[in-house]
Number of protein chains: 2
Amino acid sequence: MAELEDLSTPDLRKFHEQCASNFEAFRERAITIDMTRGKPSTAQLDQSNALLRLPENLDYHLADGSDARNYGGSVQGLPEARKLFTGLLGAPADQIIVANNSSLAVMHDCIAYALLKGVPGGNAPWRGSNKAAFLCPVPGYDRHFAICEEYGIDMIPVEMTGSGPDMDEVERLVASREVKGMWCVPKYSNPSGDTYDDETVRRLGAMKAGAPDFRLFWDNAYALHKLSDKRADILNILEVCEQAGTSDRAFVFGSTSKITFGGGGLGLFSSSKANVSWLTAAMKKRSIGPDKLNQLRHVRYLKDAAGLDRLMEGHREIIAPKFRAVDAVFNAHLEGTGTASWNRPEGGYFISVNVKDGCAKRVVALANQAGVSLVPAGATFPYGVDPRDRNLRVAPTCPELAELAPASEGIALSILLAVTEKLLSERN
Amino acid sequence: MAELEDLSTPDLRKFHEQCASNFEAFRERAITIDMTRGKPSTAQLDQSNALLRLPENLDYHLADGSDARNYGGSVQGLPEARKLFTGLLGAPADQIIVANNSSLAVMHDCIAYALLKGVPGGNAPWRGSNKAAFLCPVPGYDRHFAICEEYGIDMIPVEMTGSGPDMDEVERLVASREVKGMWCVPKYSNPSGDTYDDETVRRLGAMKAGAPDFRLFWDNAYALHKLSDKRADILNILEVCEQAGTSDRAFVFGSTSKITFGGGGLGLFSSSKANVSWLTAAMKKRSIGPDKLNQLRHVRYLKDAAGLDRLMEGHREIIAPKFRAVDAVFNAHLEGTGTASWNRPEGGYFISVNVKDGCAKRVVALANQAGVSLVPAGATFPYGVDPRDRNLRVAPTCPELAELAPASEGIALSILLAVTEKLLSERN
């Protein structure tokens, strides 16, 4: 099919009428499918049901003999839990913190402590006389941006290139003393699917930051979440920074929320010794320690890196067909129309769709009318504003496989209808 | 026996030599007992072992049909968990937040959010141009004081009277605009055992605060933790404030760490609707939600207020004899000597001992030498400094009953030795 922009106005009008009719027919099917958030599906959760029975046989003792049911031990988390995640986090166990169920909470707290107290290498709390700003690769994760917005941290968007953020732009912007941090989802990025290539990671480690206390917020949320046979490798940011003489630059975050249970996983952190000491000291004021029993459950269930890999292979088998199903429907309806482009991610939880500029909000509204819930357009940008109003984040993991063809069709029909409306309005 | 101060110097010297000899004999027994922290004992933890098997039979669904293993639901916590704790917290379920395993963390976060953003009724973040200060009844809980110290909040000590803090002093001090908060452990206070009487609670609710955004940090950590047959009743601070026209004044905290598991309990919060909305909004930026599975475990195990009461009765049967054992030994060694006074608490986790001024540090050092670990002297005061160096916090719950007679003897002998040393040095 020709690109719609190339159609004559009568042909375009005819096509638009067909789109409207298809959309109406779809709407009459009255389906209801939620594609808003990157949630694991029931089948994925079922894989970790063994966790619900652990610890078994009243064996609640840690390796050091202490009782996981009681207070005590380090706020850094169970030594055996820290050991379990050394591979995922790329750091030795003494440079790892295993926290409660939310890695977002650890990110939040790093920012809150930085604002209130400052970080190693800084000479004042971030919340001093000057403005603080974060670089925000876009599209990105709405909950990252919401933390910055909450605390009045300016957000400066940087475009993604397909292999990470535009590094020329990042290097230019980071020279400002006001830029204190940068959000990075380095692998299977949310939602663009970008995996940072080696040059990008090296430049992030080596670039000259204007603020002596600049931090990369390295949210490796999808470290193990491949969709193809091969897992992408990214350079170890802690090693890269160490070699570049910026050893305190990276705060690394991880999570088991999309490995075991979204409703009861573990938040993970690794960094330089100085940063780990800093965060541990701050955490000690906040709490006597994390939920040790849930850490013990994870240790007993996952056992080691091989156990993690086996589990993630099971996830892949469940969700990779879902991503293929969405792609096939988009292909059938949208390929060659020039209405939208989308990624075929090698990992992660999202498909990122760029529709014609100025159409994303309308697509979301139409899809909602058609029973397919999408996250509000703009959510993947700072302040919820997509300057080109074009990006959609599609989350295929949670619905059943059989739901994804109709859900994707609903999205595709909404895209076609919104874009043809827009094209026609532009010709008036 | 006569009070030691009344002895002639030769008699005192003789008594001191006897104390030194008794202390040496005790030290040679080479016992090791930890009396530092208020930890539940193994027998107490065993009472809640059913939690380790929950949820059973893969029944991980909440009352609303949703899957506790997955993301979703309110950051406020499970509706059924909030319902469970209405009695403990003295508020309806919609004015309750059930959080992760640490109530201290909720207190910390209230202060962090207040510093960064301000609280309802305030016109600026606490961390503005002025100093912020907290009233701190003493002796009090070291971890409360540590949060204030961490963030540079001035701490103003107020003496406890036996039925709560000295309210004349509180009313005088709270008139200052800089006083933003006050720590209160209103029932079986840590460590003095004070339970706030009705007049105290009413005056706290009604007093005129200089700061419009003043808050009572009402840490009702021992709400259900009676040691005698009868549970002390305190007035419901939320109702008292409501009636006094200060409905947003109290942040109420609770915890199951000393009900179920110190290493895997639940932190609790209740307050006015405005405060709950404020905290919920802040928590939403930090995390998608709490560990739902642990909340579900608690709901299934504790069931209702009667279930909580039954469990607490079991705790009482285990720990009340321990408090009596300590008291009996102190009585035998110290009664009538004028060296120390201590409380016989009706609830809570501590015995508070006041020794002769200037002797507490020495007692702790001697007790440590004798194999009985006590929390550092001064820990129960702001900045770790007891101006009279007299208060000791004794935690009898964790050691086995049979250990408490020797442990208490070690403490008593340390007190006698330290005080006689001091008395003799004063006569030189």
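Key figures for this structure:
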{"read-out": "Under 19 Å from the B:ILE31 label point (7 Å along Cα→beta-carbon), backbone N, region B:307-350", "value": "B:319-335, B:350"}
{"read-out": "Cα-based shape type of region A:371-428, given that a ≥ b ≥ c are square roots of the gyration tensor eigenvalues and the cut on a/c is 1.5", "value": "oblate"}
{"read-out": "GluC sites (Glu not before Pro) restricted to DSSP loop in region A:1-48 with at most 11 other C-beta within 10 Å", "value": "A:GLU3, A:GLU28"}
{"read-out": "Residue with peak Gaussian network fluctuation, chain B [Cα springs, cutoff 10 Å], from B:ARG37, B:ARG310, B:ARG344", "value": "B:ARG310"}
{"read-out": "Dimensionless Rg ratio for chain A, taking C-alpha atoms and the 2.2 N^0.38 Å reference", "value": "1.04"}
{"read-out": "Average beta carbon contacts from partner chains per residue of B:29-39, 10 Å cutoff", "value": "1"}
{"read-out": "Unit Cα scatterers, Debye sum, region B:272-323: log10 I(q)/I(0) for q = 0.18, 0.27 Å⁻¹", "value": "-0.80, -0.94"}
{"read-out": "Farthest positive-ward along the protein assembly as shown dipole, Cα basis, beta-carbon charges - from B:GLY410, A:MET160, A:GLN44", "value": "A:MET160"}
{"read-out": "Estimated FRET transfer efficiency when R0 is 60 angstrom, pair B:GLU56-A:GLU5 (beta carbons, to 0.05)", "value": "0.50"}
{"read-out": "Mean Cα-pair separation over length for region B:348-428, i.e. relative contact order, pairs under 8 Å, 6 or more apart, %", "value": "38"}
{"read-out": "Using alpha-carbon coordinates, inclination of helix B:401-427 to the longest axis of chain B, degrees", "value": "60"}
{"read-out": "Stretchable slack from A:ASP154 to A:ASN22, in nm (0.36 nm times residue separation minus alpha-carbon distance)", "value": "43.2 nm"}
{"read-out": "Cα centroid separation - region B:238-277 against region A:292-322, whole Å", "value": "37"}
{"read-out": "Gain on full stretching of the segment that runs from B:ARG427 to B:SER341 - 0.36 nm per residue minus C-alpha separation", "value": "28.7 nm"}
{"read-out": "Aspartates and glutamates with Cα under 20 Å of B:LYS422, excluding same-chain neighbours fewer than 8 positions away", "value": "B:GLU3, B:GLU5, B:ASP6, B:ASP11, B:GLU17, B:GLU24, B:GLU335, B:ASP357, B:ASP386, B:ASP389, B:GLU409"}
{"read-out": "FRET efficiency estimate (nearest 0.05) - Cβ-Cβ, A:LYS208 to A:ALA281, R0 35 angstrom", "value": "0.75"}
{"read-out": "Local electrostatic count at B:GLY307 - Lys and Arg +1, Asp and Glu -1, tallied over other residues with Cβ under 14 Å", "value": "+1"}
{"read-out": "The protein assembly as shown: projected area of the alpha-carbon convex hull, averaged over directions, in nm²", "value": "39.1"}
{"read-out": "Over region A:322-393, relative contact order from alpha-carbon pairs under 8 Å, at least 6 apart, %", "value": "28"}
{"read-out": "Selected from B:ALA63, B:ALA232, B:ALA379 as most flexible by GNM, with chain B as the system and alpha-carbon contacts under 10 Å", "value": "B:ALA63"}
{"read-out": "For region B:49-100 versus region A:324-338, the gap between their alpha-carbon centres in whole angstrom", "value": "42"}
{"read-out": "Cut-off 13 Å between beta-carbons: net charge of the residues surrounding B:TRP126, Lys and Arg +1, Asp and Glu -1", "value": "+4"}
{"read-out": "Local electrostatic count at A:MET35 - Lys and Arg +1, Asp and Glu -1, tallied over other residues with Cβ under 11 Å", "value": "+2"}
{"read-out": "0 to 90° range, to nearest 10: angle between helix A:273-286 axis and chain A longest Cα axis", "value": "90"}
{"read-out": "Peptide ranges B:353-364, A:380-391 listed from the most packed, as the mean C-beta count within 10 angstrom indicates", "value": "B:353-364, A:380-391"}
{"read-out": "Fraction of beta bridges assigned by DSSP in the protein assembly as shown that are antiparallel (%, nearest 5)", "value": "45"}
{"read-out": "Fully extended contour minus Cα-Cα distance, from A:GLU313 to A:ARG13, at 0.36 nm per residue", "value": "103.3 nm"}
{"read-out": "Beta bridge orientation in region A:61-303: antiparallel %, DSSP, nearest 5", "value": "35"}
{"read-out": "Label 7 Å beyond Cα on the Cβ vector: A:ASP6 copy-to-copy distances, nm", "value": "11.2"}
{"read-out": "Inter-copy label distances at A:ALA328 (7 Å, Cα→Cβ; nm, one decimal)", "value": "7.8"}
{"read-out": "Helix axis angle, A:305-334 relative to chain A longest principal axis, alpha carbon, degrees", "value": "20"}
{"read-out": "Within chain A, helix-based [θ] at 222 nm, where runs of 4 or more DSSP H residues each add -39,500 (n - 2.57), nearest 500", "value": "-12500 deg cm²/dmol"}
{"read-out": "Relative contact order of region A:61-303, pairs being alpha-carbon contacts under 8 Å that are 6 or more residues apart, as %", "value": "28"}
{"read-out": "Average beta-carbon neighbours from other chains, 10 Å sphere, peptide A:59-69", "value": "3"}
{"read-out": "Point-to-point label distance, A:LYS273-A:ASN368, nm (Cα→Cβ direction, 7 Å offset)", "value": "5.3"}
{"read-out": "B:LEU401 versus B:ARG324: modelled label distance in nm, points set 7 Å from Cα along the beta carbon direction", "value": "0.9"}
{"read-out": "Label spacing, shortest first and in nm, from B:GLY384 to its equivalents in the remaining copies (7 angstrom along Cα→Cβ)", "value": "4.6"}
{"read-out": "Top of B:ARG215, B:ARG82, B:ARG172 by mean-square fluctuation, Gaussian network on chain B, Cα under 10 Å", "value": "B:ARG172"}
{"read-out": "Spatially close lysines, pair count over region B:61-303: Cα under 19 Å, gap of eight or more or interchain", "value": "20"}
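FYI, it's all coordinate maths here, none of it is from the lab. Since the model is a prediction, treat every value here as computed from it, not as a measurement. Every residue, glycine among them, receives a Cβ derived from its backbone with ideal geometry; neighbour counts consider all protein chains shown.
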